[in-house]
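Read the figures in this text as sums done on the coordinates, not as results from a lab. These figures come from a predicted structure and were not determined experimentally. Neighbour counts are summed over all protein chains in view; Cβ atoms, including those assigned to glycine, are modelled from backbone coordinates with ideal geometry.
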Amino acid sequence: MNQLRQSPTGWVVDANGRRGALDYRVRPLTSAMRFCGVALTVQSRPRDNLAPYAAIRYAKPGDVMLISTDSYEEASVAGDVLLGMAKNQGVCALVTDGLVRDIDGLNAVGIPVFARGLSPNSPHKDGPGKIGLPIYVGGVMVNSGDVVIGDKDGVVVVAREALESVLGALADVKAKEDKMEALVAKGATLPPGFEELLSEKGVQYLD
């Protein structure tokens with residue numbers, strides 16, 4: 001996990017077969033952005049947050065609460081009270097494809113919040129909902145126990161069964177990135193072998 005905590009999300013995506021990032025509209029809304037933890041999945045009915053509150057009791061230290069609202073955008077699904085209670089239980093970040101509110105309070109709680117946006121409209125607590133089952137958030141299927149990483153660029157999910165291979169590939173990704181950054185610093189204008197690649201692809205130049 002330390003490797004993932006120290007790696008940019010872009011590197012994690014590259015090590016994960018160039019996939020796993022949530023939709024770009026799920027973005028950081030708080031000043032705290034960097035996190036790495038284990039997914040606690042929640043499916044919430046639109047304009048309702050009974051399930052997210054109920055999920056707090058099942059959270060373990062280091063969990064990331066992921067709330068699917070099916071991208072509902074007419075009311076928030078979480079605010080500073082829910083986030084604060086989740087933090088008290090050990091949750092290290094909250095990610096949702098819906099909206100949140102109380103931005104000043106969210107920042108005061110101090111853990112990262114990623115969402116599609118803000119709305120003062122408040123939810124009900126009627127249910128139904130699901131906790132711990134597979135959900136879709138930002139176009140990515142997430143299971144409880146998957147690893148979730150977030151930073152300024154967005155959120156990436158690594159499936160439990162892919163974790164070992166991703167960790168193994170991260171070293172190669174880092175070495176490649178370090179090499180490319182060194183070339184840029186030396187004044188390079190194209191990646192190594194790029195002209196050969198263009199030729200292989202049949203690129204033709206017209207006057």
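Residues of region 125-167 that are small (Gly, Ala, Ser), within 19 Å of residue 115 (Cβ to Cβ) and either in contact with a strand residue (DSSP E or B) (Cβ under 8 Å, 6 or more places away or on another chain) or part of a strand (DSSP E or B) (or both): 129, 138, 150, 154.
Condition check for residue 66 on (1) under 29 Å from residue 167 (Cβ atoms); (2) more than 12 Å from the chain's Cα centre (by Cα); (3) in contact (Cβ under 8 Å) with a residue 24 or more places away in the chain: one failure, at (2).
Every condition in (1) surrounded by fewer than 21 Cβ atoms within 10 Å (Cβ to Cβ); (2) closer than 14 Å to residue 138 by Cβ holds for residue 95 except the one numbered (1).
Consider residue 190 carefully, then state whether it is surrounded by 13 or more Cβ atoms within 10 Å (Cβ to Cβ) and aliphatic (A, V, I, L, M). Criteria not met by residue 190. Residues in region 111-121 that are in a loop (DSSP other than H, G, I, E, B) and either of a type in the set (A, V, I, L, M, F, W, C) or surrounded by 13 or more Cβ atoms within 10 Å (Cβ to Cβ) (or both): 111, 112, 116, 119.
Just one residue in the set 145, 138, 132, 127 is under 19 Å from residue 76 (Cβ atoms), within 18 Å of the chain's Cα centre (by Cα) and not hydroxyl-bearing (Ser, Thr, Tyr); that residue is 138.
Checking the conditions here, which among 25, 34, 5 is under 12 Å from the mean Cα position of the chain (by Cα), over 20 Å from residue 141 (Cα atoms) and of a type outside the set (Phe, Trp, Tyr)? Break it down into steps so the answer makes sense when it comes.
Values: 25 fails: over 20 Å from residue 141 (Cα atoms); 5 fails: under 12 Å from the mean Cα position of the chain (by Cα).
On inspection, the qualifying residue turns out to be 34.
Taking region 103-147 as the range and being small (Gly, Ala, Ser) and over 18 Å from residue 47 (Cα atoms) as the test, the residues that pass are 105, 108, 110, 132, 139, 144, 145.
Restricting to region 73-82, and then to whatever is part of a strand (DSSP E or B) and not polar (S, T, N, Q), can you tell me which residue is surrounded by the most Cβ atoms within 10 Å (Cβ to Cβ)? Please lay out each step first, then the result.
Here is the first cut: in region 73-82, the ones part of a strand (DSSP E or B) are 76-78.
This time we only want the ones that are not polar (S, T, N, Q), so: 77-78.
Details: 77: 29, 78: 27.
This residue is 77.
Of the listed requirements (1) part of a loop (DSSP other than H, G, I, E, B); (2) small (Gly, Ala, Ser); (3) exposed (fewer than 15 other Cβ atoms within 10 Å of the Cβ), residue 108 misses just one: (1). If the condition is being exposed (fewer than 15 other Cβ atoms within 10 Å of the Cβ) and small (Gly, Ala, Ser), then region 1-38 contributes 17, 31.
May I ask you to list the residues in region 169-207 that are part of a loop (DSSP other than H, G, I, E, B) and polar (S, T, N, Q)?
Hits for region 169-207 are 189, 204.
Every test in (1) surrounded by fewer than 11 Cβ atoms within 10 Å (Cβ to Cβ); (2) in contact (Cβ under 8 Å) with a residue 40 or more places away in the chain; (3) among the acidic types (Asp, Glu) is passed by residue 153 save one, and that test is (1).
The lone criterion from (1) under 28 Å from residue 108 (Cβ atoms); (2) of a type in the set (S, T, N, Q); (3) in contact (Cβ under 8 Å) with a residue 60 or more places away in the chain left unmet by residue 6 is number (3).
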